[in-house]
Amino acid sequence: MAHAAPTPGGMTGPGNTTGRGGFTSNLPDVFDARVHRVAKVGIPVVLGLVYGYWAAANRRSGGPITGWNLLFGFVTALAFIVLCLAVARFAPLLKRELHSLVKSGFAGAALGFLYSQTGESVLRSAALGLATTAAVFLVFFYRYYTREDGEGNRIR
């Protein structure tokens, strides 16, 4: 069976997108710019609502849902949403080491806070948060180190 050989220019047309550092993707863009703008806010909001519900459920330990429990869940969700949007907006402006550290620190703190709501000790919650931070840092640092140069531009 004969297949067309790839050309040096890649795909041409509206599917090509240029990202940070002039990187051109050969993949078609399935969603338009409006969908991406909505997702930048929509995904942190949905994650925040799930996180707030999870934190409130951990805090009540299967007991009855009260007004204070609902308030705690919504305040936790609001704090998560604001911090998630701030990390998503400002972390990419940092060098890859700090970029990795900020994102992994957010993940570790979020998990440590959830664990602390179960009634476990603060030291155990902090240890879990630090272990999560270290593991996520290694993953993010590897990803950014292998796909960016020293200034944060994507490697072609």
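The values are calculated or read from the model by the stated rules, or taken from the named source; none is laboratory data. Computed from a prediction, not measured in an experiment: that's the story for all the values here. Using ideal geometry, Cβ is built from the backbone for each residue, glycine included, and neighbour counts are taken over all protein chains shown. Ligands, DNA and RNA are excluded from the accessible area calculation, which covers all protein heavy atoms including side chains. Shrake-Rupley method; radii C 1.70, N 1.55, O 1.52, S 1.80 Å.
Show me, for the stretch 43-50, the HN-Hα J-couplings you get by feeding each phi into the Karplus relation (A = 6.51, B = -1.76, C = 1.60, θ = phi - 60°), rounded to Hz, glycine and proline as x.
So the J values, rounded to whole Hz, are 5, x, 5, 5, 4, x, 5, 5.
Please compute the contact order of the stretch 42-82 in relative form: average sequence separation of alpha-carbon pairs under 8 Å and at least six residues apart, divided by the residue count, as a percent.
Numbers: 35 pairs, mean separation 24.0, N = 41.
Dividing the mean separation by the residue count of the stretch 42-82 yields 58 percent.
Quote the charge dipole size of the stretch 52-156 about the Cα centre in Debye, to the nearest 20; the model charges only the Cβ of Lys and Arg (+1) and of Asp and Glu (-1).
180 debye
Could you tell me the accessible area of Phe90 in Å² (1.4 Å probe, neighbours in place), rounded to the nearest ten?
My reading of the accessible area for Phe90 is about 120 Å².
Using a 1.4 angstrom probe on the protein heavy atoms only, could you order Lys103, Lys95 from most to least accessible area?
Lys95, Lys103
Have a look at Val50, Ser121, Phe74 and report the one farthest towards the positive end of the charge dipole of the stretch 47-156, computed about the Cα centre with Cβ charges (Lys/Arg +1, Asp/Glu -1).
The one lying farthest along the dipole's positive direction is Val50.
From the square roots a ≥ b ≥ c of the eigenvalues of the alpha-carbon gyration tensor of the stretch 16-150, which class results: rounded (a/c under 1.5), prolate (a/b over b/c), or oblate?
In terms of gyration-tensor shape, oblate.
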